[in-house]
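Visitor: Can you keep this structure in mind? I'll have questions shortly.
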Amino acid sequence: MSTTNVTLQPAPPPTGRASTLGKPSRRRARVHAWMTSALRDLVYAGAVFVWSIAAFTVLVTGVSVTASLLAFVVGVFVWVGFVYVVRWTTRVDRRLAGWQRHERLDAAYRRPSASGFLPLLRTVSSDPQTWRDLAWLGVTSIAGLTLGLAAVTAVGIGVAYVSMPIWYWAIPDPRGQYGLTNLGLVTVDTPGEALAMTAVGLALVPAALLLARGYAIAHAALAARLLSPAPRHVPRRDDVVPTSDRIEDAMAITGEAVQGSEITTKPVLIELSGVHKVYRTGKLEYPALRGVDLAIEDGDMVAIVGPSGSGKSTIMNMITGIDRATSGTVTVDGQRIDQMSEEELAVWRGRRVGVVFQFFQLLPTLTAVENAMLPLDFSRRVPKRERAPLALHNLEQVGLADKADHLPSELSGGEQQRVAI
């Protein structure tokens, strides 16, 4: 079987004709990137300006109708419906902000612990993300509308000034008064004045684009902070690490996080509370986990050991969100992953979790670099043009740059494991 080795080396300096073409090509690439970024900012500012009107309408209408009906029973139903309309509205804001920031923004809403209207009402009312969404609608209704309009107007005035000679040429009677040419500031009656306005416009356009750029970055960053907040560490209830005897006798937990009743102030990174997992096959039930309590602190290195069938893989599946607990709570880095939907779990795993399986789980028809690119493709947090270079860099970090185009069947077990890492 023939193979091809890929070695990453710095490119030699261009010579001859290639040298004369290199700088213009780089210059064109920079100009293209700048124009693309400017266009993205303008489109974002315009879209936010339009959508802020819709947000204002939803907020004012929803609050007024809900407040007027809260004295009646129907008011609570209106409140729940209003919350879901707000979620749909802020979902558009998250999509816009994620598009501007080149990343995917998602919100993890709490899920009711039981079926029925009352658990749903309690959940949506106590969910912090509900109130962050409402706060965001208030912010974007004012700031989004005002600043978006200012950015779009500033760019429009600059473009109008730059194109003043065209307006002047299109006017058949330059001795008249024309609102399109003077814009309420000066009257353009001669070609020289039109060219002077063009010069003014050329000075205004960069400032207007910088205004649009600053507005787009600030607005999208605030949207990401309110609508897709980063998880925070939460303190442990009693600051005591549970002992290993609270886990099933069939399993031993070793590590610094579980040493008797050791007192520590480090934040808990992983916490399982009363976790049960029951597998059902027909009429048979197999309890894999029975009320597991586990706390692992930030920075600890922990090994889960035990005989076959004791629940080691099941606990790992609970922590990584691959499987769901039958009952109990699973909190990782401050987030209740047992309350997430399947879509939210998929996004969370792509951003927060790395798993190296026993059999590596490499796709046999993809090369090493293509397997390394898969997480980047699924998470969409890296622009498409940067994924291949980043995957190659990661392979180089584990000493596999020369095996980038090899299939898993052409790699040793250790090399496959490094690709998986």
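Each value in this text was obtained by applying a stated rule to the coordinates, not by laboratory testing. Values in this document were obtained by computation on a predicted structure and should not be read as measured data. Neighbour counts run over all protein chains shown; Cβ positions are idealised from the backbone, glycine included.
Visitor: So which residues in the stretch 83-117 are surrounded by fewer than 16 Cβ atoms within 10 Å (Cβ to Cβ), touching a helix residue (DSSP H, G or I) at 6+ places or on another chain (Cβ under 8 Å) and polar (S, T, N, Q), if there are any at all?
Guide: 113
Visitor: Let me ask you something else. Quick check on my filter: what residues within the stretch 118-151 are more than 18 Å from residue 86 (Cβ to Cβ) and either surrounded by 19 or more Cβ atoms within 10 Å (Cβ to Cβ) or free of Cβ contacts under 8 Å to residues at least 12 places away in the same chain (or both)?
Guide: Correct list: 118, 119, 146, 147, 148, 151.
Visitor: Something else now. When both residues are 6+ apart or on different chains and their Cβ atoms are under 6 Å apart, which pairs have a first residue that lies in the stretch 356-367 and is closer than 10 Å to residue 420 by Cα, and a second that is in a loop (DSSP other than H, G, I, E, B)?
Guide: Final answer for the pair search is 356/421.
Visitor: Among what's in the stretch 298-317 and is in a helix (DSSP H, G or I) and of a type in the set (A, V, I, L, M), pick the residue that is surrounded by the fewest Cβ atoms within 10 Å (Cβ to Cβ).
Guide: Only one residue tops the list, namely 316.
Visitor: What is the one condition in (1) free of Cβ contacts under 8 Å to residues at least 60 places away in the same chain; (2) of a type in the set (A, V, I, L, M); (3) touching a helix residue (DSSP H, G or I) at 6+ places or on another chain (Cβ under 8 Å) that residue 374 does not satisfy?
Guide: Going through the list (1) free of Cβ contacts under 8 Å to residues at least 60 places away in the same chain; (2) of a type in the set (A, V, I, L, M); (3) touching a helix residue (DSSP H, G or I) at 6+ places or on another chain (Cβ under 8 Å), residue 374 breaks only (3).
Visitor: Looking for something in contact with a Pro (Cβ under 8 Å, 6 or more places away or on another chain) and of a type in the set (Val, Ile, Thr) - is there at least one such residue anywhere in the stretch 358-369?
Guide: no
Visitor: With 347, 305 as the choices, which residue is more than 23 Å from the chain's Cα centre (by Cα) and β-branched (Val, Ile, Thr)?
Guide: 305
Visitor: Moving to a separate point now. With respect to residue 63, determine if the residue is surrounded by 14 or more Cβ atoms within 10 Å (Cβ to Cβ) and under 23 Å from the mean Cα position of the chain (by Cα).
Guide: no
Yes or no, residue by residue, for (1) small (Gly, Ala, Ser); (2) on the phi < 0 side of the Ramachandran plot:
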residue: 350; (1), (2): yes, yes
residue: 354; (1), (2): yes, yes
residue: 361; (1), (2): no, no
residue: 368; (1), (2): yes, yes
residue: 376; (1), (2): no, yes
residue: 382; (1), (2): no, yes
residue: 389; (1), (2): no, yes
residue: 410; (1), (2): no, yes
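Visitor: How many residues does the stretch 322-344 hold that are closer than 13 Å to residue 110 by Cα and more than 23 Å from the chain's Cα centre (by Cα)?
Guide: Summing the residues that are closer than 13 Å to residue 110 by Cα and more than 23 Å from the chain's Cα centre (by Cα) in the stretch 322-344 gives 1.
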